[in-house]
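The values are calculated or read from the model by the stated rules, or taken from the named source; none is laboratory data. Predicted, not measured: the structure shown is a model, and the values here were computed from it. Please note: Cβ atoms are built from the backbone with ideal geometry, for glycine as well, and neighbour counts cover all protein chains shown. Areas reflect the complete protein model, heavy atoms only, side chains present, ligands, DNA and RNA absent. Shrake-Rupley method; radii C 1.70, N 1.55, O 1.52, S 1.80 Å.
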Amino acid sequence: MQINSTGYSFISMYQSYPSYHGASDISYNLFNQWPNKNKLLIQITKSKLKKRKIINIKKKDGLTGILINIFLSSFKIKKFLKTYEKRYLIIEGASWVGFSLVLIILVKILLKNVIIIYHAHNLEYEVRKLKNNFIIAFLTFYFEKFIYKKCIGTSVSNKDKKFVLNNYNTKSILFENGVTEIKEEKINNKKIKKNKFFLFCGSYTYWPNKLAINKIIKNKKIIKKIFPSIKLILTGEGIPKYKNKNILNLGIIKKSNLVWLIKNCLFFYAPMPKAPGTKIKILEALYYGALTVCSKNAVVGIKNTKHLKSLIITSENKLFNDLLKIKNKKKIKVSRKFKESYNFKNKIKILYEKINKL
């Protein structure tokens, strides 16, 4: 045992590195910028890409495969943390809370004196209430309540924090999402020219993104009336192949390429439906200075938006007139207050200090 030392094991039951969607971004950046060298990330993934201090457990399909992966993860966690005097396990809560509960029970059996942090990306109950049947939603509520009572839980917004207090009868730590600033890298595609495209990023496999993309395709006729030759660029997993030559589906791309697209699009369009959690794509679009045209639902949980001149809240009925307003609009400098407010590195440091004082 490493005397007078502290170890931190992070576990994500999905691929965090390399990042390919909002949840993996948050999970990897939290681990990568955690201000302690005694750390390990265990992830369940099909990726064979190796990186120091990251252990890959090969993803297995089906319920049985998931439970096997959880079982294997618990032993990896034990092997790493048992060498430290003070032990922390940070569970990334972007998977179903029932699976997190199974992992918690196994780790508690295998390892004594472990402090478990449940890092909520949103309220899982809110996700399942919209997505799944009554039974799954019912179970999720009580599983999530149990986890918040038995672990140190975080909330991604003040709204979620109040829900946890009022419905789960326990306090949580406010830990909002944020942006880890990276340098952009120009995308190598002759069809893509600055300010000649509008952008949406998000995997089609996640239902709110699917609904948003379908609405974007539907509303493209309105957009073409004002911008006849504009291209639509989509990035993410599982997006359908469109025959239209003005729709470019780039699939999963490097983060540095995505940042270049955000900075150089004419506008970022996100007609998001009602969905739980803060939208990382909207945070990034605003953070990197894109003119952001989106639904009211897209900015839920994001503070300091009232005075952002780069943000236009629109709807299907207002879209045509709102796009007319931006036709000759120039790029607007990003609010310094907004960038400071959503600097993820600063938020991680504050969380780290709070946890180590408990």
| note | The residue from Val107, Val156 that alone is touching a Ser or Thr at 6+ places or on another chain (Cβ under 7 Å), open to solvent by less than 40 Å² (accessible area, probe 1.4 Å), hydrophobic (A, V, I, L, M, F, W, C) and modelled with pLDDT under 95 is Val156
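I need the full set of residues from segment 304-318 which are open to solvent by 80 Å² or more (accessible area, probe 1.4 Å) and touching a residue at least 12 places away in the same chain (Cβ under 8 Å), in order please.
Our first condition is that a residue be open to solvent by 80 Å² or more (accessible area, probe 1.4 Å); within segment 304-318, this holds for 306-307, 309, 317-318.
Those that are open to solvent by 80 Å² or more (accessible area, probe 1.4 Å) and touching a residue at least 12 places away in the same chain (Cβ under 8 Å): His307, Lys309.
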| field | Qualifying residues in segment 227-250 (those that are farther than 13 Å from Phe197 by Cβ and surrounded by 14 or more Cβ atoms within 10 Å (Cβ to Cβ)) - the one farthest from the chain's Cα centre (by Cα) | value | Tyr242
| Which of the residues belonging to segment 17-33 are within 17 Å of Lys279 (Cα to Cα), assigned to a loop (DSSP other than H, G, I, E, B) and either modelled with pLDDT of 90 or more or out of contact with any helix residue (DSSP H, G or I) (no Cβ under 6 Å at 6 or more places or on another chain) (or both)? | Tyr20, His21
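May I ask you to list the residues in segment 159-171 that are touching a Lys or Arg at 6+ places or on another chain (Cβ under 9 Å) and open to solvent by 10 Å² or more (accessible area, probe 1.4 Å)?
Correct list: Lys161, Leu165, Asn167, Asn169, Thr170, Lys171.
So which strands (runs of 3 or more DSSP E) stay within segment 106-210 end to end and still have 1 or more residues that are farther than 30 Å from Thr235 by Cα? Break it down stepwise before answering.
Values: elements: 114-120, 152-155, 197-201.
The qualifying strands (runs of 3 or more DSSP E) are 114-120, 152-155.
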| field | Out of Asn69, Asn56, sole residue that is of a type outside the set (Gly, Ala, Ser), part of a strand (DSSP E or B) and over 25 Å from Lys354 (Cα atoms) | value | Asn56
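Just checking, which of Asn321, Asn328 is without any contact (Cβ under 8 Å) to a residue 24 or more places away in the chain, assigned to a helix (DSSP H, G or I), surrounded by fewer than 20 Cβ atoms within 10 Å (Cβ to Cβ) and of a type in the set (S, T, N, Q)? Before you say what the answer is, go through the steps one by one.
Details: Asn328 fails: assigned to a helix (DSSP H, G or I).
The unique qualifying residue is Asn321.
Kindly indicate which of Lys60, Lys86, Lys39 is open to solvent by 30 Å² or more (accessible area, probe 1.4 Å) and either of a type in the set (Gly, Ala, Ser) or free of Cβ contacts under 8 Å to residues at least 60 places away in the same chain (or both). Steps first, answer last, please.
Details: Lys86 fails: either of a type in the set (Gly, Ala, Ser) or free of Cβ contacts under 8 Å to residues at least 60 places away in the same chain (or both); Lys39 fails: open to solvent by 30 Å² or more (accessible area, probe 1.4 Å).
So the residue among Lys60, Lys86, Lys39 that is open to solvent by 30 Å² or more (accessible area, probe 1.4 Å) and either of a type in the set (Gly, Ala, Ser) or free of Cβ contacts under 8 Å to residues at least 60 places away in the same chain (or both) is Lys60.
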| task | Give segment 117-151 a look and list any residue that's of a type in the set (Val, Ile, Thr) and open to solvent by 10 Å² or more (accessible area, probe 1.4 Å), or say none. | result | Val127, Ile135, Ile136
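Being open to solvent by 10 Å² or more (accessible area, probe 1.4 Å) and free of Cβ contacts under 8 Å to residues at least 60 places away in the same chain narrows it down to one residue among Lys196, Lys191; which is it?
Details: Lys196 fails: free of Cβ contacts under 8 Å to residues at least 60 places away in the same chain.
So the residue among Lys196, Lys191 that is open to solvent by 10 Å² or more (accessible area, probe 1.4 Å) and free of Cβ contacts under 8 Å to residues at least 60 places away in the same chain is Lys191.
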| request: Please work out which one of (1) within 26 Å of Ser315 (Cβ to Cβ); (2) open to solvent by 40 Å² or more (accessible area, probe 1.4 Å) is the condition Leu174 fails and give its number. | output: (1)
| task | Evaluate the following for Ala290: is it without any contact (Cβ under 8 Å) to a residue 40 or more places away in the chain, open to solvent by less than 80 Å² (accessible area, probe 1.4 Å) and aliphatic (A, V, I, L, M)? | result | no
| message | Given (1) out of contact with any Phe, Trp or Tyr (no Cβ under 8 Å at 6 or more places or on another chain); (2) open to solvent by 10 Å² or more (accessible area, probe 1.4 Å); (3) over 24 Å from Phe163 (Cβ atoms), identify the lone condition not met by Leu266. | response | (1)
| query | From the residues in segment 78-98 that are in contact with a helix residue (DSSP H, G or I) (Cβ under 6 Å, 6 or more places away or on another chain) and not in a strand (DSSP E or B), which one is farthest from Leu41 (Cα to Cα)? | reply | Gly98
| field | In segment 278-301, the residues that are closer than 27 Å to Ala120 by Cα, among the aliphatic types (A, V, I, L, M) and either at pLDDT 90 or above or not in a loop (DSSP other than H, G, I, E, B) (or both) | value | Ile280, Ile282, Leu283, Ala285, Leu286, Ala298, Val299
| Count - residues of segment 1-36 that are under 20 Å from Phe175 (Cβ atoms) and open to solvent by 60 Å² or more (accessible area, probe 1.4 Å) | 2
